[in-house]
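Here's the structure we're looking at; comments come further down.
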Amino acid sequence: MKIKNKFDSPVDLDKVRSLAIIGDVDSGKTNLAFYYTNSYKGKRKKYLYGYPREIKGYISVSTWNDILKIKDGIIFIDELQRFLKVYDRKANIKLMELISLFAHKNNTLIFTTQVSQFITRGVEAYIDCWAIKRIDIEMLKNGSKPKRIIERLNYAKKNDWILDLEDGEFYEYSERNEIGENKIKKFPFQNIGKDWRNF
């Protein structure tokens with residue numbers, strides 16, 4: 001009998017153009033993002049935009065102009081609201097244009113944020129996959145895609161107030177997933193600490 005790995009495979013990054021990871025402070029969003037990128041088995045290069053330290057196997061990018069030049073890449077932006085003031089309408093249009101441009105250049109954007117209000121309805125339409133960590137459901141924007149996704153979830157540790165996930169758990173949802181893949185998944189710690197603490 002084959003023993004199943006205790007960790008779940010994340011969505012194939014070659015099948016999505018954008019992945020949003022949302023969750024409360026200290027819920028493990030950055031570790032989850034690195035799990036997605038570290039699990040990637042394809043041929044595209046991996047980039048970090050504005051990340052506070054160098055990570056082996058990743059190309060660090062520090063200017064928006066360089067981001068726009070990338071082709072065939074996986075680009076991770078941690079705490080998106082640090083770089084795009086997405087409450088600003090122009091910034092939201094900029095983000096939508098970026099995701100659209102990435103699709104034409106065979107890029108995938110992965111970003112984390114702790115506040116769903118940073119993601120407008122226009123931007124939501126461009127997100128192919130959602131990865132949700134522990135989160136206060138009441139703090140989610142009413143009518144937002146993440147809130148609707150969580151409301152449809154049947155899970156013992158979810159109630160009207162909180163999706164109470166452990167550090168090594170996340171809820172992955174994508175219209176591109178096969179039947180049975182939109183579920184609570186487990187992932188191992190990626191040895192990523194509080195890299196933003198000194199900034």
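The values are calculated or read from the model by the stated rules, or taken from the named source; none is laboratory data. Please read all numbers here as calculations on a predicted model, not as lab measurements. As a convention, Cβ positions derive from the backbone with ideal geometry for all residues, glycine included, and neighbour counts pool all protein chains shown. Protein only, heavy atoms only, side chains kept; ligands, DNA and RNA dropped before computing areas. Shrake-Rupley method; radii C 1.70, N 1.55, O 1.52, S 1.80 Å.
Quick rundown of the values:
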quantity: Of residues in the range 147-184 being touching a Phe, Trp or Tyr at 6+ places or on another chain (Cβ under 6 Å) and not in a loop (DSSP other than H, G, I, E, B), the one nearest to residue 112 (Cα to Cα); calculated: 173
quantity: Residue among 35, 51, 47, 40 that alone is under 27 Å from residue 164 (Cβ atoms), touching a strand residue (DSSP E or B) at 6+ places or on another chain (Cβ under 9 Å) and modelled with pLDDT of 85 or more; calculated: 35
quantity: Test: residue 101 is outside any helix (DSSP H, G or I) and either at pLDDT 80 or above or over 26 Å from residue 43 (Cα atoms) (or both); calculated: no
quantity: Filter result (of a type outside the set (Lys, Arg), outside any strand (DSSP E or B) and touching a Lys or Arg at 6+ places or on another chain (Cβ under 6 Å)) within the range 104-134; calculated: 116, 117, 124, 128
quantity: Test: residue in the range 23-34 that is in contact with a helix residue (DSSP H, G or I) (Cβ under 6 Å, 6 or more places away or on another chain) and within 23 Å of residue 144 (Cα to Cα); calculated: yes
quantity: Residue match in the range 152-166 (condition: of a type in the set (D, E, K, R), open to solvent by 10 Å² or more (accessible area, probe 1.4 Å) and under 19 Å from residue 83 (Cα atoms)); calculated: no
